[in-house]
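Working notes for the structure below.
The values are calculated or read from the model by the stated rules, or taken from the named source; none is laboratory data. Here the structure is a predicted model, which is why all the values come from computation and not from measurement. Cβ sites come from the backbone with ideal geometry, for glycine too, and all protein chains shown count toward neighbours.
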């Protein structure tokens with residue numbers, strides 16, 4: 001038979017913001033327990049005391065804090081690089097597009113002053129580039145099917161410890177921080193030790209400040 005603790009964990013996991021609130025210690029367990037009581041009773045098929053839910057919530061909060069501390073990879077504040085004046089443009093994949101994309105990438109390979117990320121999906125490819133490259137891109141892909149474009153974008157690139165690849169939850173924690181602050185993420189991209197977040201220009205300062213606070217090494 002399912003236990004109160006198992007139901008509590010199941011319900012908390014459905015809300016990343018609720019779990020983050022427990023991590024930050026700003027959740028009122030009594031109020032939350034009363035809110036969850038009806039759903040839990042339906043799952044366990046019996047009437048339960050609010051105090052039992054509060055105890056389960058406290059145990060789960062302690063558990064996620066232990067897990068976070070155990071898997072925290074940032075021993076020091078990571079380097080964060082901000083870039084502005086970016087745009088994103090997406091094209092449908094085709095044989096002709098792939099050839100043009102490779103030619104464009106080769107042409108840009110030695111242009112270190114420009115920002116360039118190319119992400120190929122199953123049906124489409126997105127280019128995130130310096131706004132200055134827009135005329136060149138439109139000329140290079142003028143006969144291809146254009147899907148969407150966004151401008152007035154900026155990026156934050158976070159240098160990650162190599163342990164990140166074997167550590168669960170690192171990317172999730174970064175993105176949950178932005179979700180908590182109501183900051184929209186337009187796009188993400190990553191390499192082995194870099195995680196790049198694409199944001200609207202007007203949100204970049206708030207995003208940088210929020211990430212700087214949350215990526216401070218744990219005591």
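Some values worked out for this structure:
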{"item": "Strands (runs of 3 or more DSSP E) lying entirely in the stretch 109-159 (those with 1 or more residues that are farther than 24 Å from residue 190 by Cβ and at pLDDT 90 or above)", "result": "146-159"}
{"item": "Residue under evaluation residue 70, criteria (1) surrounded by 13 or more Cβ atoms within 10 Å (Cβ to Cβ); (2) modelled with pLDDT under 95, criterion not met", "result": "(1)"}
{"item": "Residues of the stretch 192-208 that turn out to be out of contact with any helix residue (DSSP H, G or I) (no Cβ under 8 Å at 6 or more places or on another chain), over 22 Å from residue 69 (Cα atoms) and surrounded by 11 or more Cβ atoms within 10 Å (Cβ to Cβ), as a count", "result": "9"}
{"item": "Residue check, residue 167 within 21 Å of residue 81 (Cβ to Cβ) and under 18 Å from the mean Cα position of the chain (by Cα)", "result": "no"}
{"item": "Wholly within the stretch 11-86, helices (runs of 4 or more DSSP H) carrying at least 1 residues that are in contact (Cβ under 8 Å) with a residue 60 or more places away in the chain and farther than 30 Å from residue 149 by Cα", "result": "16-24, 50-71"}
{"item": "Any hit, the stretch 97-105, residues being in contact (Cβ under 8 Å) with a residue 40 or more places away in the chain, surrounded by 12 or more Cβ atoms within 10 Å (Cβ to Cβ) and in contact with a strand residue (DSSP E or B) (Cβ under 6 Å, 6 or more places away or on another chain)", "result": "yes"}
{"item": "Unmet criterion (only one of (1) loosely packed, with under 13 Cβ neighbours inside 10 Å; (2) under 30 Å from the mean Cα position of the chain (by Cα)) for residue 1", "result": "(2)"}
